[in-house]
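Scroll down for the structure; my scribbles are underneath it.
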Amino acid sequence: MIGVSEETAREHAYLIRRGARALALLGGCRPADGDDVYLCLCSIAEAGVIPFVVNCGDYASAGYASQPWALALYVWATNQKNSVPSVHRNEIIGMLLGYDARAIQEFTAYDAGRFLPTPSQTAKKCGCCTGNSAEISHARPRMLRGSCKLRTRKNRVSSHVSR
């Protein structure tokens with residue numbers, strides 16, 4: 001009914017119980033099928049895991065939560081009557097699903113069209129740095145006004161010259 005196998009549902013329940021993430025979304029169903037899906041999730045769930053089916057209007061999302069607060073936060077973030085901007089809704093759900101801050105930032109920047117270049121992309125774009133001439137402390141260094149300068153590990157600015 002939600003499009004995942006029993007084995008996959010058991011694996012997600014296991015990961016929730018082990019603390020890998022606060023929430024696992026297994027799929028969606030019609031709100032009319034919510035009771036049947038909930039009973040199925042309950043029969044598969046491990047002890048200490050909270051199965052849920054949340055009515056989201058046209059569909060219902062189903063999955064497992066580790067704590068009541070995680071489920072309450074998900075319900076609050078996905079409430080259509082709530083005025084949470086979509087970017088923050090995605091960030092909240094990303095955290096609940098176990099993504100780290102860097103992954104959420106990359107998704108948010110990419111989704112908004114503000115994707116920052118990696119060192120290798122920067123080198124291709126400006127042609128003046130090799131990407132390996134400084135120790136980079138950030139996953140994606142930012143270009144500083146007009147010249148190819150990257151922040152180094154000790155937070156000072158240095159120019160790069162290809163050798």
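The values are calculated or read from the model by the stated rules, or taken from the named source; none is laboratory data. Everything numeric here is computed off the predicted structure, so don't read it as measured data. As a convention, Cβ positions derive from the backbone with ideal geometry for all residues, glycine included, and neighbour counts pool all protein chains shown.
Quick notes on this structure:
- Near pairs, Cβ below 9 angstrom, 6+ apart or cross-chain, from the range 68-86 (in the same structural domain as Ile104 (by TED's automatic domain parsing)) to any residue that is surrounded by 14 or more Cβ atoms within 10 Å (Cβ to Cβ) and among the hydroxyl-bearing types (Ser, Thr, Tyr): Tyr74/Ser61; Thr78/Ser61; Val84/Thr78
- Members of the range 1-24 found to be in contact (Cβ under 8 Å) with a residue 60 or more places away in the chain and in a loop (DSSP other than H, G, I, E, B), listed by number: Ile2, Ala20, Arg21, Ala22
- Any hit, the range 32-49, residues being surrounded by fewer than 19 Cβ atoms within 10 Å (Cβ to Cβ), within 23 Å of the chain's Cα centre (by Cα) and at negative phi: no
- When Tyr99 is tested against (1) closer than 19 Å to Asp33 by Cβ; (2) within 17 Å of the chain's Cα centre (by Cα); (3) in a loop (DSSP other than H, G, I, E, B), exactly one condition is not met: (1).
- Scan the range 34-89 for residues that are outside any helix (DSSP H, G or I) and closer than 17 Å to Glu6 by Cβ and the total you get is 8.
- Within the range 25-35, the presence of at least one residue that is in the same structural domain as Met95 (by TED's automatic domain parsing) and in contact (Cβ under 8 Å) with a residue 40 or more places away in the chain is confirmed.
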